[in-house]
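The values are calculated or read from the model by the stated rules, or taken from the named source; none is laboratory data. Owing to the predicted nature of the structure, the values given are computational and were not obtained by experimental measurement. Cβ sites come from the backbone with ideal geometry, for glycine too, and all protein chains shown count toward neighbours. These area figures cover heavy atoms from the full protein model, side chains too; ligands, DNA and RNA do not enter into them. Shrake-Rupley method; radii C 1.70, N 1.55, O 1.52, S 1.80 Å.
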Amino acid sequence: MDGYIIATVIKAILILAVISALAGFGTYIERKILAFIQRRLGPMHVGPFGVLQIAADGIKLFTKEDFIPSGANKIVFMVAPIITAATAFIALAAVPLLPEFTLFGIDVKPIVSDMNIGILFVIAMMGVGLYGPLLAGMAQENKWGIIGSARTAIQFLSYEVVTGLSLLAPIMMVGSLSLIDFNTYQAGGIGHWIVWTQPVAFILFLISGFAETNRTPFDLLENEAEVISGYATEYSGMRWGMFFIGEYANMITIGFLASLIFLGGFNPLWIIPGGLAIILKVAFFFFLMLWVRSAWPHIRPDQLMWLCWKVLMPLAVINILITGLVMMA
Amino acid sequence: MSLDKLKNRNVGVQNYKMLDLGHTPESGWGKFKQVLKRSVKLELFVGLKVTIREMFKALFMGEMHTVKYPFEKLPISPRYRAIHEMKRLLESGHYRCIGCGLCEKICISNCIKMDTRYDEEQRKEVSDYTINFGRCIFCGYCAEVCPELAIVHGGRYETASEQRASYSNFEDMLTPMDELMNQKEYPGFGAPTPVADKNIKKTPLAY
Ligand code: SF4
Ligand code: SF4
């Protein structure tokens, strides 16, 4: 039992360290990829190819004044970024990041806790994460912030239904909520991937995943062109940084979820070992988010609601119905 | 970008294409049909294709647009009017300026100040010549009026300075003696045209 606690603590700390480092690195990757797509060079001057730009940004964020506006609700204002960052990492607790491996004769399961409600927990935690922007926008005395949090509410009400319903069909097929079970269900190779049997659910999940992580085409919360910086208008320094670590960690989580549920997870792929396979898949989803950001315009809040309630939700329900009928037959 | 492209100012020769935008549907059914058509044709993915194509072009086909400015510079037109230069005669190395004072006279912002005197051989020499670049508007009149092609515009366009009045002396603008062999004629404002030799006529004897 002691060993279990120690192992869990070590895993939690490792995941926290690695994913927050990756989230920081994600900002660099995002700037580079967007730059290449626009035929620019991106950050170039700090370190080789600008890699140390993240260090420079980190120093800047840490040493900036921690500013709290006088009219703001201080406690809520201070807590809001922590909610976003913390829930993003808590969500990762139920996600198996790599296949099991043996280290110094001990079998390591790279998942903090394989609870039997894995998917539900992850989705719920990412949903709770939206309280960050919501409270942040309302706590600062700023109308852009209020608009930002109003949009957070709209977005939350729209996509959350689709996320749940789109995942319901794969859950019905696998018959479990644990992500490990999803992985073992698809162990038979590419032909057994759920994406082939549930393509509609896959697309719906991707769309709501983009909304969940607040990426273009659904980056309504803090679209600079419209609402300055939305919920983050009054934030500076590390509190602002925490929102973004949370956002990038969420992007990674969505990448893991999509590859675990639909794309065969960490099963070995042809000659690629499982660990590498899942990292490649997550990297692809991360790249897809940046790629889409560079190509597509973003949509209005009312269009998002229209899309989610009038198009995607009916599609998801029909998909569930058909899945159910096929399973009964 | 090559110099040729930069110098091509033939606006209107390019092939502009009107985009076929089609008509905007009015009725709900029309809108629905348009949405359906666009989804089936996967129009969204065309956007993705274009962006990834640009990325490959930039990364592997050397079409990156960035010019890392202080380290790399785009070529400027040879006729660009930047900081002035004073030219020398190629044969003797003596400066070309004959001290006629036309440039001082024509300068519309009054920023050229010059003085001349007789040297020991009773020839006019420039004793003092300054341009106040804080006032100069780089109109090019001085280069155009100069009968000797002595004062011309150079290519040095980075002219930030610490003070508003920034003067240049004659010696600063003069081609250094060891650079004489590399001295280039200025093709811009006031320079003779490439066909100048052909256009020359003999002065009639009656004058
Ligand atoms: S460029 Fe124009 S303003 Fe400048 S020194 Fe010559 S005549 Fe004067
Ligand atoms: S116009 Fe030319 S030759 Fe005459 S003073 Fe000026 S620089 Fe010298």
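See the values below:
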| item | result |
| --- | --- |
| Enumeration of residues in region B:134-145 that are near ligand 1 (Cβ under 8 Å from one of its atoms) and either in a loop (DSSP other than H, G, I, E, B) or within 14 Å of another protein chain (Cβ to nearest Cβ) (or both) | B:ARG135, B:CYS136, B:ILE137, B:PHE138, B:CYS139, B:GLY140 |
| Residues within region B:135-166 that are away from ligand 2 (no atom under 16 Å from the Cβ) and either of a type in the set (Asp, Glu) or surrounded by 14 or more Cβ atoms within 10 Å (Cβ to Cβ) (or both), tallied | 5 |
| Selection count where residues are more than 8 Å from ligand 2 (Cβ to nearest atom) and surrounded by fewer than 18 Cβ atoms within 10 Å (Cβ to Cβ), scope region B:85-105 | 7 |
| Boolean, A:PRO314 is more than 23 Å from A:PRO199 (Cα to Cα), open to solvent by 40 Å² or more (accessible area, probe 1.4 Å) and within 14 Å of chain B (Cβ to nearest Cβ) | no |
| Region B:41-83: number of residues that are more than 14 Å from chain A (Cβ to nearest Cβ), open to solvent by 80 Å² or more (accessible area, probe 1.4 Å) and of a type outside the set (Lys, Arg) | 2 |
| Index of the failed condition, A:PHE256 passing every other in (1) in a helix (DSSP H, G or I); (2) of a type in the set (Phe, Trp, Tyr); (3) under 22 Å from A:PRO297 (Cβ atoms) | (3) |
| Test: residue in region B:119-132 that is within 16 Å of ligand 1 (Cβ to nearest atom) and within 21 Å of the chain's Cα centre (by Cα) | yes |
| Among the candidates A:PHE156, A:PHE202, A:PHE182, A:PHE210, residue that is in contact (Cβ under 8 Å) with a residue 40 or more places away in the chain, open to solvent by 30 Å² or more (accessible area, probe 1.4 Å) and not basic (Lys, Arg) | A:PHE202 |
| Failed condition for A:ILE29, given (1) under 30 Å from B:MET55 (Cβ atoms); (2) of a type in the set (Val, Ile, Thr); (3) away from chain B (no Cβ under 14 Å) | (3) |
| Single residue of region B:84-118 satisfying the filter (among the polar types (S, T, N, Q) and either away from ligand 1 (no atom under 16 Å from the Cβ) or not in a loop (DSSP other than H, G, I, E, B) (or both)) that is nearest to the other protein chains (Cβ to nearest Cβ) | B:SER92 |
| Per-region count, region A:136-182, residues farther than 23 Å from A:LEU97 by Cβ and in contact with a Gly (Cβ under 9 Å, 6 or more places away or on another chain) | 21 |
